[in-house]
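Inspection log for the structure reproduced underneath, given as structure tokens.
The values are calculated or read from the model by the stated rules, or taken from the named source; none is laboratory data. Just so it is clear, the structure is predicted and the values come from calculations on it, not from any experiment. Cβ placement follows ideal geometry from the backbone for every residue including glycine, while neighbour counts extend to all protein chains displayed.
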Amino acid sequence: MTRRERRKPDEKQHRTASIGEALASYLTQSGLAPRVEQAAVIPEWEGLVGPQIAAVTKPLSVTQDGLLFVAVTTHGWMTELSLLEPELLKQLNGKPGRQPVARIRWLLQR
């Protein structure tokens, strides 16, 4: 007799979820999924802004209200990127359904 055959009729059958499924379920139930999706701009940074900008910057964090902190290597780049901010925000916010990045705070990398 197999294990399944020995199971009592009222015993609940359950499927073992993968870690990814369990984590996705937890994030959805806890309301954290939108924040995690918003923070995805950090690992996607180079693909969103291009290799030239990515080489002189490092995204650090995103606040709940959409403020993205980015470290920059020089004052010159900080000035240039400040001027490019509207265009960069369009690139960062191009994914539908993602909470937008509202502003970028440029910080001099030390």
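Here is how the numbers come out for the structure above:
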quantity	calculated
Selected residue (only one of Pro51, Pro9, Pro43 is modelled with pLDDT of 95 or more, more than 13 Å from Val101 (Cβ to Cβ) and surrounded by fewer than 11 Cβ atoms within 10 Å (Cβ to Cβ))	Pro51
Some residue of the range 92-106 being in contact with a Pro (Cβ under 6 Å, 6 or more places away or on another chain) and within 18 Å of Ala39 (Cα to Cα)	yes
Looking only at the range 56-80, and only at residues there that are assigned to a loop (DSSP other than H, G, I, E, B) and loosely packed, with under 13 Cβ neighbours inside 10 Å, the one that is modelled with the lowest pLDDT	Gln64
